[in-house]
Amino acid sequence: MTKKNKEYKSIKPLAQYTYWERNKLSGGYLLKRQVTDVVVSICRFVLLFGMCFLILQPIFNKISVSFMTEQDLFNPIVINIPEHFTTENYKMASAIMEYPKALVNSLIISLTIALLQIAVCTLVGYGFARFNFPLKKFWFACVILVILIPPQTIASSLHLHFRFFDILGIFKMITGDTVNLRGSKLPYYLMSAGCMGLKNGLYIYMIRQFFRNIPEDMEEAAYVDGCGMLKTFLRIMLPESKPIVTSCFLFAFVWQWTDGFYSKMFLGSTKLVSTSLARLVDSLGTFIQRMTGIKTTVSIAYSNCILATGTLMIILPLIVLYLFAQRAFVESISSSGIKM
Amino acid sequence: MKKKRKNKLEGLQKRKAIAGYLFISPFIIGFLVFMVKPLFQSLYMSFCEVELGSGTFNPVWTGTENLLYIFRVDPEYTRLLTEEMGRMMVYSLAIIVFSFFVALILNQEFKGRALVRAIFFLPVILASGVILGLETDNQLMATLAQQIEDTTSNISITDALENILRTAGIGTRAFEQVFEIIDNIYDVAIASGIQIIIFLSGLQTISSSMYEAADIEGCTKWESLWKITFPMISSMFLVNWIYTVIDFCMRSDNEVIEKIQEVMIDQMRYGRASAMSWVYFLLILAFIGVSSFLISKRVYYYD
């Protein structure tokens, strides 16, 4: 009787055991597992904290440097928190870069270019994903080729191409001369309309991948109901593809914003934040000379301080954008299911 | 009746083909006008000496003179090319390994995962274009780093480790490469934002039932990493490898590209610059072709 009672007792609800009893019952497994869990999460925290710090540190450093006076830069005691707090650097960088003007210019150009590029790339991506036509593989190989060719390879001939621009000799017939499009914004818009802008091959690829994952039934239903090809695309498929189109638009905007190569080549005469940032250090000396009338050499530390300030001013709009649209940036890439 | 239906099907297919061509027509036009023509022109120019007159330019055919010049006479080009290719291989490998490792960590459940993911993605947005170029030749940072290195060389763990391994004298050159990457871990970290996300999306498609089954059969975590995770996301390795190589080759702080631009814009040697960029482009293409062929042989497709 008592023995039976004891056996009954031994399978009492788990909650009545103390922690150590349970550990003993499991043969030390419980404790071992909990210890490994804690150790793993501590290691993970240390690793991730270190790597996040690594990525964020330059930004923090720039922020602290941008508020320092020149005196603080040479003061070995001052490391992170400026002794003489100043916003003079911002005024200086803003004056050299003509910040308000450049900002508006950049905003307009990045927005319009990104809109144009993504509109065209969506059309092309949809065409590649959904229609069967002869030579499809060949044209898609061309898209891959566009991703692979460094724009620098064709830079020099594009240079000349737009210097003596002509469409099949039409202009030469009418006016007797080719059109010089250097220095105007038109060439870049033309290139964007032809999917040859910055990283456009990549956008086509991503959008195509996305469209391929949407079931075909929806389109077929639309066709059966008498909807045309273009109308089906606009009414049915475009609303479906909102996430990938938004994120490609964001990428196009951001990369256009910071781009130096295409901007320098095609939009050299327009003041943009990216190109003026690239020239910032060079123009600092002349700017100071013009202001004071004395020829001075600017110290490396000070020019870097101004550069840090300028960089901050340029990435600030991007950071704000990223804070609000972080999900759109990251999730679309995972949703497009990039595969080979 | 049967014939008619067949005709109609053909008609629909034809219409679809035409619509398809209409949809991709912007690309075809753009490709022909802004890519094929300049590409062949620059190929032609690479065999020419381009003379710039006022308002005109006329290429004069010189045969392989440009090619011979860049390989035999130009003091910098071949050196830069080999250096850059070597760096590309080492760094691309490092970026792939790093991003795979980070993706594995980020795939686990823990608090603040979204925040960490957002931070790792931040460089894709902030360190692009001109900013990347400015970042690398930031002299203030360089002098600061030098100063820190000088003052702390005795207490730093990595340095101590480096010294021990150096004196051990095994595979010194391989270690040197690893040390270089560790010293430049920042470059690796900021270049791997997109790769991490691609790996992560691949990891999330693996169904957890596989791991559970393996776990029940007595498979350790380490074994299931090699037997399940690797084969399942091997196609991601291919995508990431190609993306990384291309990304590295087109960075604006790439020394070969800087050299090409210097020759083209400052010296106005269009022919020579075209030859340089064609050699560079063909090398990259060959490298990507060979390496992705080797990888694709080992890629496993689940479905």
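Of all residues in the stretch A:124-142 being touching a residue at least 24 places away in the same chain (Cβ under 8 Å) and at the interface with another protein chain (Cβ under 7 Å from one of its Cβ atoms), which is farthest from B:Val245 (Cα to Cα)? Among them, the one singled out is A:Tyr126. Restricted to the stretch A:263-275, and to residues that are surrounded by fewer than 23 Cβ atoms within 10 Å (Cβ to Cβ) and modelled with pLDDT of 80 or more, which residue is farthest from A:Gln57 (Cα to Cα)? Here the residue is A:Lys271. Quick check: is even one residue across the stretch A:88-100 part of a loop (DSSP other than H, G, I, E, B) and free of Cβ contacts under 8 Å to residues at least 24 places away in the same chain? Scanning the stretch A:88-100 turns up no residue that is part of a loop (DSSP other than H, G, I, E, B) and free of Cβ contacts under 8 Å to residues at least 24 places away in the same chain. Residues of the stretch B:25-83 that are at pLDDT below 85, surrounded by 12 or more Cβ atoms within 10 Å (Cβ to Cβ) and of a type in the set (Val, Ile, Thr): B:Val33, B:Val50, B:Thr62, B:Ile70.
Give the residues of the stretch B:96-119 that are more than 24 Å from B:Tyr211 (Cβ to Cβ) and more than 7 Å from every other protein chain (Cβ to nearest Cβ), sorted by residue number.
Within the stretch B:96-119, just B:Leu115 meets the criteria.
Determine, yes or no, whether B:Trp222 is within 26 Å of B:Tyr91 (Cβ to Cβ) and at pLDDT 85 or above. It is false that B:Trp222 is within 26 Å of B:Tyr91 (Cβ to Cβ) and at pLDDT 85 or above.
Taken residue by residue, the stretch B:227-239 has at least one member that is in contact with a Gly (Cβ under 6 Å, 6 or more places away or on another chain), at the interface with another protein chain (Cβ under 9 Å from one of its Cβ atoms), at pLDDT 85 or above and crowded, with 17+ Cβ neighbours inside 10 Å.
Return yes or no: is A:Met291 among the hydrophobic types (A, V, I, L, M, F, W, C), free of Cβ contacts under 8 Å to residues at least 12 places away in the same chain and away from chain B (no Cβ under 11 Å)?
It is true that A:Met291 is among the hydrophobic types (A, V, I, L, M, F, W, C), free of Cβ contacts under 8 Å to residues at least 12 places away in the same chain and away from chain B (no Cβ under 11 Å).
Residues are listed down the side, and each one gets a yes or a no for (1) within 30 Å of B:Val279 (Cβ to Cβ); (2) not assigned by TED's automatic domain parsing to the domain that holds A:Lys264:
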position	(1), (2)
A:Ser66	no, yes
A:Val78	no, yes
A:Leu107	no, no
A:Gly127	no, no
A:Ile149	yes, no
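For the stretch A:287-302, the criterion of being in contact with a Gly (Cβ under 6 Å, 6 or more places away or on another chain) and modelled with pLDDT of 85 or more is met by none of the residues. Taking first residues from the stretch B:59-72 that are in contact (Cβ under 8 Å) with a residue 60 or more places away in the chain and partners that are outside any helix (DSSP H, G or I) and surrounded by fewer than 16 Cβ atoms within 10 Å (Cβ to Cβ), the Cβ contacts under 9 Å between residues at least 6 apart in sequence or on separate chains come to B:Pro59/B:Glu51.
Restricting attention to the stretch A:37-85, the residues that are touching a His at 6+ places or on another chain (Cβ under 8 Å) and assigned to a loop (DSSP other than H, G, I, E, B) add up to 2.
Return a yes/no flag: does the stretch B:1-23 have any residue that is modelled with pLDDT of 80 or more and in a loop (DSSP other than H, G, I, E, B). Among the residues of the stretch B:1-23, not one is modelled with pLDDT of 80 or more and in a loop (DSSP other than H, G, I, E, B), which makes the answer no. All conditions in (1) modelled with pLDDT of 80 or more; (2) surrounded by fewer than 21 Cβ atoms within 10 Å (Cβ to Cβ); (3) in a helix (DSSP H, G or I) hold for A:Gly226, with the sole exception of (3). Here A:Thr69 clears all of (1) at pLDDT below 90; (2) within 14 Å of chain B (Cβ to nearest Cβ) except the condition numbered (2). Is it the case that B:Val299 is closer than 19 Å to B:Ser99 by Cβ and in contact (Cβ under 8 Å) with a residue 24 or more places away in the chain? Yes.
The values are calculated or read from the model by the stated rules, or taken from the named source; none is laboratory data. Computed from a prediction, not measured in an experiment: that's the story for all the values here. Backbone-built Cβ (ideal geometry, glycine too); neighbour counts: all protein chains shown.
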